[in-house]
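Worksheet: one structure, shown below.
All of the numbers you see were taken from the coordinates with simple rules; none came from a lab. Values in this document were obtained by computation on a predicted structure and should not be read as measured data. Because the Cβ atoms are built from the backbone with ideal geometry, glycine has one as well, and the counts that use them run over all protein chains shown.
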Amino acid sequence: MRLLFVRPPKYVWPYMNEQDNYLLPQALAYLGAAARSDGHEVVLLDCMPLKVGWRSLAEKIREFKPQVVLAGDSETLYAHESGRVFQIVKSVSRDIVTVAGGAHFSHACEDAFSKYPIDAIVRGEGEITLCELLRGLESGRDLTQVRGLALPDGPGRAIYTGARELLEDLDTLPFPAYDLLPMQRYGAARYLFSPGGVTIHHSRGCTSGCSFCACWLQMAQRTGAPPEENLAPRWRTRSVEPVLEEMEVLARRYGKKCLVFVDDTWNVDPRWNKRFAEGLARRRLGVNWFAFFRADMLARDEESGVFEQLVASGLRHICVGLERASDAELDSLAKRHKQAELMRSVFPRLRRKYPSLFLQATFIVGLPHDTRASLARLRRYAEELNPDYPAFHPVTPVPGTQLWKEAQKAGTLEIQDFARYDWMTPVMRTDALSRAELEREIWEMNRRYLNPWRVALGVLSRHQYRRRMYLWWVMVSARALFDYVLDRLWPWRAPGPPAELSRYVGLVKPPWYED
């Protein structure tokens, strides 16, 4: 069959330039490879780096004449843009089969069927389910016999075909279809994830089942009858050697020297971590790499000496989900491993011991009990740990998470438009703070933490990667400040009152978006 995978035109994050938004989508590379290895003609169209707007996308669909078009995203805020792909496809030909996937569509099937002309949703891990779906389409098989699907059953209703078991051996997956993607267009930013940033992953899933997070849901172990199935966290990894071989291809064939691991939790297995560090050091690829680390496992590997080996192998940037300043608050979010107090000693030690390492941490703001005082305590906790960059995000419930179910029941969600679920715009109030007040508090937390002295020290760092990251931050901050000043002086430049912060944190339409 002729398959067209589409990553649609998207609004971009204002705190990055367009190039910084164009990291390679791993899902397209892996799903495309699986479909190609199963005998299908595959085209991967990533509209973002190619700057293909909506009118051009419609033309490409007409030119290629696909039998199946696939789109989807794991981030809820982009669901409407995938939905627009399906609307365009059906305007070109009602005979083209439309298939959605990703974490959002997997857990919002009825909503998706009510809004968009979708013929099937692949739920959860996609490679096996997709290939069986395509065989079913070719043979005329009853698709209700293909596990892992949701199928439309009238307006806003879905038929679920049963849970798909997870792939046990990730090493059996075909090599990702990088040759079908515009590799030269990824990682073109001068400073962020430089030089030549590109994504990669060695594992799938997570060991935690945090109530606010949708990432682990996509690769969860599913039991029972959907949609009321039971989901449990599950983590799997590829072997070390195939990962190193993939890194070598990215570095030597495609010139990508900053590898961004997008694993939900990179550092689960200390033995794997050690073998990886030793193997990467032997290959001498000269790469920098980034990964998301779990806090208590970070402390474990630092104590054993494995983390030092990882830094020696080229680890230059870690992001740790710290979220809150106390373990009791973390327990309320089903993040049950102890880390808040532990990090008070670990983070300062990392700063002293590894001056080349860029330390990033995420914090969740806007829990129901939050007040100005509790947010001030959270900011002081961040200052005590002293990461290079603290990302203060308003808590944002998305479909499938426990937090979403609780917010729906409590009626605290004040924004129902998924396109605004960008982890920068507060979508629900707290008991003490309105959304507008919460937005102002987040702005103030960032302003007070990232003071000129801290930034100047980073810009003057003798370590290239840290210096580039700080230079990037200064440049995008200066651009945002410039826009803010212009809007204060000439408020007709943008909608809304000059004091409105949302236009500086919400997503921005690229100039080529409709082209």
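Seen from all directions on average, region 135-265 presents a Cα convex hull projection of 11.2 nm².
Rg over Rh for the chain works out to 0.94, using Cα positions for both radii and the Kirkwood form for Rh.
Between residue 211 and residue 111, the contour length at 0.36 nm per residue exceeds the alpha carbon distance by 33.9 nm. Subtracting the Cα-Cα distance of residue 326 and residue 453 from 0.36 nm times their residue separation leaves 42.9 nm of extension gain. Mean silhouette area of region 2-160, derived from the convex hull of its C-alpha atoms and averaged over all directions, reads 8.8 nm².
Between residue 413 and residue 436, the modelled labels are 2.4 nm apart [label points 7 Å from Cα along Cα→Cβ]. Ordering 202, 463, 393 from the fewest to the most neighbouring beta carbons within 10 Å gives 463, 393, 202. For the pair residue 58 and residue 303, label points projected 7 Å from Cα toward Cβ lie 6.1 nm apart. In this simple spin-label model, placing a label point 7 Å from the Cα along the Cα-to-Cβ direction at both residue 245 and residue 26 gives a separation of 1.9 nm. Give me Rg over Rh for region 193-449, both radii from the alpha carbons and Rh done the Kirkwood way, two decimal places. Reported Rg/Rh (Cα atoms, Kirkwood Rh): 0.98. Residues whose amide H lies under 5 Å from that of residue 158, counting only those 5 or more places away or on a different chain, are 153; hydrogens are built 1.01 Å from N in the peptide plane. Full extension of the chain between residue 190 and residue 446 gives 89.8 nm of extra length, using 0.36 nm per residue less the Cα-Cα distance. Of the residues 154, 453, 70, the one whose Cα sits farthest toward the positive end of the charge dipole of the chain, with +1 on the Cβ of Lys and Arg and -1 on the Cβ of Asp and Glu, is 453.
Loop-located trypsin sites (Lys or Arg not before Pro) in region 69-140 (DSSP state not H, G, I, E or B) with no more than 13 neighbouring Cβ atoms inside 10 Å: 94. In this structure, the residue pairs whose Cα-Cα separation is over 28 Å, taken from 405/509; 65/257; 10/409; 51/256, are 405/509; 65/257; 10/409.
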